[in-house]
1. So which residues in segment 101-132 are under 15 Å from Y87 (Cα atoms) and out of contact with any strand residue (DSSP E or B) (no Cβ under 8 Å at 6 or more places or on another chain), if there are any at all?
2. Name the residue, out of E27, E3, that is surrounded by fewer than 13 Cβ atoms within 10 Å (Cβ to Cβ) and either out of contact with any Lys or Arg (no Cβ under 7 Å at 6 or more places or on another chain) or touching a residue at least 40 places away in the same chain (Cβ under 8 Å) (or both).
3. Got at least one residue in segment 72-82 being in a loop (DSSP other than H, G, I, E, B) and in the same structural domain as S161 (by TED's automatic domain parsing)?
4. Which condition breaks for R110 when tested against (1) in contact with a Leu (Cβ under 6 Å, 6 or more places away or on another chain); (2) basic (K, R); (3) farther than 22 Å from Q167 by Cβ?
5. Name the single residue, out of those in segment 149-172 being hydrophobic (A, V, I, L, M, F, W, C) and within 13 Å of ligand 2 (Cβ to nearest atom), that is surrounded by the most Cβ atoms within 10 Å (Cβ to Cβ).
6. Quick one: which of K181, K222 is over 26 Å from M298 (Cα atoms), out of contact with any helix residue (DSSP H, G or I) (no Cβ under 6 Å at 6 or more places or on another chain), more than 16 Å from ligand 2 (Cβ to nearest atom) and among the charged types (D, E, K, R)?
7. List pairs: first residue in segment 267-284 and touching a residue at least 60 places away in the same chain (Cβ under 8 Å), second residue assigned to a strand (DSSP E or B) anywhere in the structure, Cβ distance under 7 angstrom, at least six positions apart or on different chains.
8. Within segment 26-37, how many residues are in contact with a strand residue (DSSP E or B) (Cβ under 8 Å, 6 or more places away or on another chain) and assigned to a loop (DSSP other than H, G, I, E, B)?
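The values are calculated or read from the model by the stated rules, or taken from the named source; none is laboratory data. It should be emphasised that the depicted structure is a prediction, and the values quoted were computed from it without experimental measurement. Here the Cβ positions follow ideal geometry from the backbone for every residue, glycine too, while neighbour counts run over all protein chains shown.
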Amino acid sequence: MIEIDHLSHVYKGGIKALDDLSFSVEEGEILGLLGPNGAGKSTCVKMITGAIRPSCGSVRVSGYEVFRNLRKVRHIIGVMPQETALYQDLTAQETLEYHADIYGVPREVRDDRIAEMLKLAGLSLRKDDLVKTYSGGMKRRLALVRALLHDSKLLILDEMSLGIDVQSRNLIWQQVKMLKKEGKTIIFCTNYMDEADELADRLVIIDRGRLVAEGSPQSLKKTHVGNFIIELEFRGLTDEQDQSWISEQIGLEVELASENEDPGIQTARIQSEDGYNDLPQVIRILSNLGITVRQASMRSPSLGDVFLTITGSKLRD
Ligand SMILES: Nc1ncnc2c1ncn2[C@@H]1O[C@H](COP(=O)(O)OP(=O)(O)O)[C@@H](O)[C@H]1O
Ligand SMILES: [Mg+2]
């Protein structure tokens, strides 16, 4: 359905947003594009929709080279952009009518289709109110059904649940699952791990415009993180007792963070293949070193652990 081939993009001013990115999306698949802020996700999907032209490389949708077939490709794709791009002075009804005209939704089905979409978005009762009077969640729901209106086979959803309430998010997630059942192909961008874990068949993780990992949520956890994640909270570390020193003492890779409000308390994250043996042993070793563990826990790895392992825990912007 989508073939991205050695895509690079440099914005005016010299920012390299994409750097030799290649991946593909199968028909009927839900692909999650995951990455920290500024990784290049939006830039990538804007090239799939033809909104910006790549500096280098090519994008094909249904076999059509996007930039040679903009008109054709436009009808194959429904887009929900990150900045919802709604006209504030139109009503929901007018927004959808306008979109239906642009995309040539046939007159005979138009009104029914619009009513159906308004219902899906839970906006039937507010359809004649101006968009500018809507909450963030209502705007996103409207942007979603606008993307669905012309019944395209490929959907692109950029940050579908950015800054919205839990109810709107649940509604949007349900729609995405339903669309998959209908056989749609979906690519969505997110930096919410739970969203990626819940919805995606496969993930492409990008960082600084490059692909850094690819696979199903399950296989990524298997490949990049151990069977268990041990988390500890302790006090009593001196400056010399840093991450590599502790790792050496314990014999496992330790990631230290001082995210606690109390500066004397530190948290450690340890990947382990054999948690039931490692956990008591780690506590024993630390205690022998005079380091008191205040809290210890063990859990299965999450997609967040994969993400941190791959992209690192340092803030980006
Ligand atoms: N129109 C633009 N002009 C210049 N730089 C841009 C523009 N849009 C995005 N960028 C830069 O390109 C990089 C990738 O941005 P973006 O694709 O929006 O990332 P993401 O969607 O993953 O957060 C960032 O460094 C961003 O600041
Ligand atoms: Mg983005």
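1. Result: I102, K132.
2. Exactly one of E27, E3 is surrounded by fewer than 13 Cβ atoms within 10 Å (Cβ to Cβ) and either out of contact with any Lys or Arg (no Cβ under 7 Å at 6 or more places or on another chain) or touching a residue at least 40 places away in the same chain (Cβ under 8 Å) (or both), namely E27.
3. yes
4. (1)
5. In this case the residue turns out to be L157.
6. The unique qualifying residue is K181.
7. Sorted first by the residue in segment 267-284, then by its partner, the list stays empty.
8. 6
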